[in-house]
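A short worksheet on the structure shown next.
The values are calculated or read from the model by the stated rules, or taken from the named source; none is laboratory data. What you are looking at is a predicted structure, and each value in this text was computed from that prediction instead of being measured. Here Cβ is always computed from backbone atoms with ideal geometry, including for glycine, and neighbour counts include all displayed protein chains. Surface accessibility is based on the protein's heavy atoms, side chains included, excluding ligands, DNA and RNA. Shrake-Rupley method; radii C 1.70, N 1.55, O 1.52, S 1.80 Å.
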Amino acid sequence: MLKSCKKIYVSLLSLALLLVWSAVAMAAAPSITADAAIVIDEATGQVLYEKNADKREYPASMTKMMTCILALEKSSPDQLVTVSANAADVECTRLYPGYTLRMADILQQMMMISDNGAATAVGEAVGGDEASFAAMMNAKAQEIGATHTHFVNMNGMPDADHYSTARDMAKIAAYAMHNDAFRRIVGTKAKNIYYIAPQGHTTYCINTNELLDTYEGCTGIKTGWTSAARGCLSAAAKRDGKEIIAVVMHSDDDETRFSEAAALLDYGFEQEAELAPSAAGAQAAAAQ
């Protein structure tokens with residue numbers, strides 16, 4: 001009985017200490033312009049920081065994380081994707097009607113340079129049309145637990161019915177990063193994309209995620225920008241065996257999203273470092 005009471009006391013004391021340390025750490029959190037943000041541990045989903053994490057926001061091209069993971073799960077890398085007139089007509093694309101690429105290559109182009117036409121072509125190839133693929137996206141979001149998200153297109157172009165939250169975007173990012181092919185795509189800094197048609201045609205893609213070059217340990221993930229959504233970014237980094245995901249939505253501009261995500265990643269790693277000894281101590285005390 002005494003031993004049982006001791007374990008309960010130790011557990012309560014450990015919980016109290018964690019709450020105190022969390023409160024102290026939160027006071028030192030970085031100041032950001034982002035309207036909504038969150039930082040999570042990629043492996044466990046533990047929240048290390050949040051600001052308006054459940055507020056509805058436009059996800060912009062972070063939408064393409066869902067487009068990509070669905071395509072990876074429901075098609076083969078060698079499936080041929082022929083660009084329709086509808087896909088080629090989307091704003092911000094390097095594609096023209098009749099261009100044909102392997103699925104693996106068009107996904108690379110879509111994620112690296114945020115090609116909107118590529119996203120539309122992928123959705124049409126996998127789902128048949130925009131509405132059908134959007135329904136697949138929404139079903140997958142529910143499955144992942146992103147229950148405050150609703151998609152109406154594959155690329156993130158602004159629409160009142162196309163929305164998400166920082167928390168949901170982090171859930172989608174964490175889910176996608178468990179797929180090795182997805183991880184390779186979003187971690188690629190630059191690449192030549194080779195087309196099936198026109199024969200011999202190539203396009204050189206440089207990843208829009210600047211943190212791949214500027215932030216130590218960055219592993220991805222996806223940028224987003226529209227005038228309505230402002231600066232958006234899902235960013236991941238790995239250090240000392242720990243991977244952190246930070247999401248910022250509606251930062252002031254397209255550069256601020258990078259500096260703010262970097263500051264939040266730093267903060268996340270600091271939280272992990274502070275929580276690790278206390279968690280280990282609590283486990284040791286409980287085992288006595």
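Do we have LYS6 as part of a helix (DSSP H, G or I), farther than 21 Å from GLY224 by Cβ and either modelled with pLDDT of 95 or more or of a type outside the set (A, V, I, L, M, F, W, C) (or both) here?
Spelling it out, LYS6 is indeed part of a helix (DSSP H, G or I), farther than 21 Å from GLY224 by Cβ and either modelled with pLDDT of 95 or more or of a type outside the set (A, V, I, L, M, F, W, C) (or both).
Cβ contacts < 9 Å: first residue under 22 Å from CYS205 (Cα atoms), restricted to the range 172-191; second residue surrounded by fewer than 16 Cβ atoms within 10 Å (Cβ to Cβ) and among the aromatic types (Phe, Trp, Tyr), any location; separation 6+ or different chain. Result?
From residues that are under 22 Å from CYS205 (Cα atoms), the pairs are ALA190/TYR204; LYS191/TYR204.
So, GLY200, is that one at positive phi, open to solvent by 50 Å² or more (accessible area, probe 1.4 Å) and either assigned to a helix (DSSP H, G or I) or not charged (D, E, K, R) (or both) or not?
Criteria met by GLY200.
Given the conditions (1) within 28 Å of ALA229 (Cα to Cα); (2) modelled with pLDDT of 95 or more; (3) crowded, with 18+ Cβ neighbours inside 10 Å, and given that ALA29 satisfies all but one, which numbered condition is not satisfied?
Exception for ALA29: condition (2).
Can you name every residue in the range 116-144 that is without any contact (Cβ under 8 Å) to a residue 40 or more places away in the chain and either in contact with a Cys (Cβ under 9 Å, 6 or more places away or on another chain) or under 22 Å from ALA190 (Cβ atoms) (or both)?
GLY117, ALA118
Where in the range 57-142 are the helices (runs of 4 or more DSSP H), entirely inside, with at least 3 residues that are at pLDDT 95 or above and over 23 Å from ALA170 (Cβ atoms)?
In the range 57-142, the matching helices (runs of 4 or more DSSP H) lie at 85-88, 103-113, 116-127.
Determine, yes or no, whether ILE113 is of a type in the set (Val, Ile, Thr), touching a helix residue (DSSP H, G or I) at 6+ places or on another chain (Cβ under 6 Å) and touching a residue at least 40 places away in the same chain (Cβ under 8 Å).
When the stated conditions are applied, ILE113 does not pass them.
For residues that are part of a strand (DSSP E or B) and either of a type in the set (D, E, K, R) or over 23 Å from the mean Cα position of the chain (by Cα) (or both), tally how many sit in the range 205-215.
Going through the range 205-215 one residue at a time, the tally reaches 0.
For the range 216-235, check the following and say yes or no: at least one residue is assigned to a helix (DSSP H, G or I) and open to solvent by 20 Å² or more (accessible area, probe 1.4 Å).
Scanning the range 216-235 turns up no residue that is assigned to a helix (DSSP H, G or I) and open to solvent by 20 Å² or more (accessible area, probe 1.4 Å).
Here is a check on your reading of the model: is THR93 open to solvent by 30 Å² or more (accessible area, probe 1.4 Å), hydroxyl-bearing (Ser, Thr, Tyr) and in contact with a helix residue (DSSP H, G or I) (Cβ under 9 Å, 6 or more places away or on another chain)?
When the stated conditions are applied, THR93 passes them.
Taking the range 153-193 only, how many residues are in contact with a Ser or Thr (Cβ under 8 Å, 6 or more places away or on another chain), in a loop (DSSP other than H, G, I, E, B) and over 27 Å from LEU101 (Cβ atoms)?
Of the residues in the range 153-193, 1 are in contact with a Ser or Thr (Cβ under 8 Å, 6 or more places away or on another chain), in a loop (DSSP other than H, G, I, E, B) and over 27 Å from LEU101 (Cβ atoms).
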